[in-house]
Number of protein chains: 2
Amino acid sequence: MPTLDLGVLVSGTGTNLQAIIDAVGGGTLDARVRLVLSNKPGVAALQRAAAAGIPTQVLSHKSFPQRESFDRALVAALREAGVTWVVLAGFMRILTPVFLDAFPMRVVNIHPALLPAFAGVDAQAQALAYGVRITGCTVHFVDSGTDTGPIIAQAPVPVLPGDTRDSLAHRILEREHESLVTVLQWIAEDRVSVVRSSTGSRPRVVVKGRSPLLGTSAEAR
Amino acid sequence: MPTLDLGVLVSGTGTNLQAIIDAVGGGTLDARVRLVLSNKPGVAALQRAAAAGIPTQVLSHKSFPQRESFDRALVAALREAGVTWVVLAGFMRILTPVFLDAFPMRVVNIHPALLPAFAGVDAQAQALAYGVRITGCTVHFVDSGTDTGPIIAQAPVPVLPGDTRDSLAHRILEREHESLVTVLQWIAEDRVSVVRSSTGSRPRVVVKGRSPLLGTSAEAR
């Protein structure tokens with residue numbers, strides 16, 4: 001089985017990147033992180049990568065006149081590094097078709113809500129403000145919409161009485177780390193495929209031999 | 001503790017009504033169903049009510065020139081029967097403020113999805129078409145929007161590989177029955193209150209001494 005050649009796009013603290021690094025180091029994820037790309041200089045994610053001996057690069061979106069030219073630079077850097085699959089780990093820029101067509105159904109994002117509920121920014125605060133009793137996280141393929149791509153896996157997380165935005169975000173983040181690493185290992189094992197029906201309906205993700213509903217035993221904690 | 005005097009509004013088969021009838025009969029729900037009101041003649045829900053010795057009434061919305069006059073007739077019938085809390089059990093008409101102001105935060109609905117995802121009709125088919133890994137049901141207070149009212153409780157239900165609309169709907173329906181009866185008993189025990197903050201944000205539901213995330217142990221089945 002060939003190892004998964006990952007590129008990880010970051011904008012901030014990079015705790016999901018750290019989960020990937022730890023899983024690779026611990027032997028539970030058959031992947032190599034070929035490049036960590038940040039659109040912001042000086043973020044903690046870059047230090048995490050450097051500490052793990054992973055090549056890093058900063059490409060500031062502010063240096064490019066359009067989203068498309070920024071995306072072309074991202075694609076070139078990732079290809080140069082031998083990346084075949086891309087993970088968005090807190091990457092706060094919208095990708096254009098220039099990027100998505102270069103890695104078709106090979107860009108994975110993790111979102112801190114049970115999509116399609118609470119897409120967009122600060123999903124944890126959105127969930128808390130709405131008053132839901134259950135939220136979670138979603139690992140999905142990225143398409144040109146905001147958090148609209150085909151869902152690979154979801155994990156539920158309870159909202160507890162007295163939760164603040166931060167206590168809820170922390171509880172979700174733990175499940176994000178597990179969920180992201182789990183899905184990446186499925187991809188490494190070639191279990192994940194996208195099925196397009198002839199009727200033009202939404203593409204669906206099939207996961208061979210694993211349940212795409214994650215962590216329901218732990219969820220009752 | 002006074003018994004909860006329920007009115008149940010129906011339009012169809014009435015399996016959620018049956019769950020209420022069975023729970024009252026079995027002594028797990030301290031309530032009396034004072035009236036079952038249908039907007040359609042001849043539906044199975046009316047037979048279920050009659051078989052349990054519960055008064056029934058049919059008020060066809062087609063007999064009324066406007067939604068408001070229909071709602072006034074519903075309110076009059078419910079008040080005449082001594083109803084203080086109203087349950088929508090598959091009732092397929094939108095209620096106006098005429099009705100909602102007569103029973104403020106005393107109208108409860110059950111919806112077959114984890115709201116705010118998949119509001120409106122055929123939530124089960126919507127969830128399946130979207131490709132989510134987890135859906136569920138939501139018991140909520142009714143406001144003037146479509147499935148937008150404050151959430152009392154939610155129960156998660158997995159979407160399984162190979163699910164059809166009907167297999168998923170059946171799995172959700174079992175949880176609807178449990179969830180609805182559980183919430184009504186909380187109301188009978190005076191555990192449910194609505195909190196409005198001074199900042200004009202969304203009203204929140206507080207449940208005293210019970211977890212508003214329902215059935216997570218059974219959910220791992």
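Computed quantities for the displayed model
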read-out: Förster-model FRET efficiency, 51 Å R0, A:THR199 and B:SER198, C-beta, rounded to 0.05; value: 0.50
read-out: Positive-end residue of B:LEU37, A:LEU173, A:LEU4, charge dipole of the protein assembly as shown with Cβ unit charges; value: B:LEU37
read-out: Alpha-carbon spread of region A:68-148, three principal axes, descending order, Å; value: 45, 20, 16
read-out: Structure-based [θ]222 nm, the protein assembly as shown - -39500 (n - 2.57) summed over DSSP H runs of at least 4, per residue, nearest 500; value: -10000 deg cm²/dmol
read-out: Size of charge dipole - region B:57-140 - debye, nearest 20, with Cβ of Lys, Arg +1 and Asp, Glu -1, no other charges; value: 60
read-out: Test item: A:133-143 mean partner chain Cβ contacts at 10 Å; value: 4
read-out: Electrostatic dipole magnitude of chain B [Cβ: Lys, Arg +1; Asp, Glu -1; Cα centre; debye, to 20]; value: 220
read-out: B:LYS208-B:GLU189 pseudo-label distance in nm [points 7 Å out on the Cα-to-Cβ vector]; value: 1.1
read-out: Order by protection proxy (mean Cβ within 10 Å, highest first), peptides A:175-188, B:36-49, B:182-195; value: A:175-188, B:36-49, B:182-195
read-out: Residue mean of other protein chain beta carbons inside 10 Å, B:73-85; value: 0
read-out: Alpha carbon Rg of the protein assembly as shown, scaled by the compact-globule rule 2.2 N^0.38 Å; value: 1.12
read-out: Alpha-carbon centroids, region B:1-77 and region B:107-142: separation in whole Å; value: 22
read-out: Approximate spin-label separation A:ARG67-A:ALA50, in nm, with each point projected 7 Å along Cα-to-Cβ; value: 3.1
read-out: Chain B: relative contact order as a whole-number percent, Cα under 8 Å and 6+ apart; value: 18
read-out: Principal axes of region A:1-104: Cα extent on each, largest first, Å; value: 41, 31, 19
read-out: Average beta-carbon neighbours from other chains, 10 Å sphere, peptide A:61-72; value: 0
read-out: Whichever lysines have a C-alpha closer than 16 Å to that of B:LYS40, once near sequence neighbours (fewer than 8 apart) are set aside; value: B:LYS62
read-out: Total charge dipole magnitude, the protein assembly as shown, about the Cα centre, Cβ charges on Lys, Arg, Asp, Glu only, Debye to nearest 20; value: 320
read-out: DSSP bridge pairs, the protein assembly as shown: antiparallel proportion in percent, nearest 5; value: 45
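Only the coordinates and a few stated rules stand behind these numbers; no lab work does. Since the structure is predicted, the reported quantities are computational estimates derived from the model, not experimental observations. Here the Cβ is made from the backbone with ideal geometry for all residues, glycine too, and neighbour counts use every protein chain on show.
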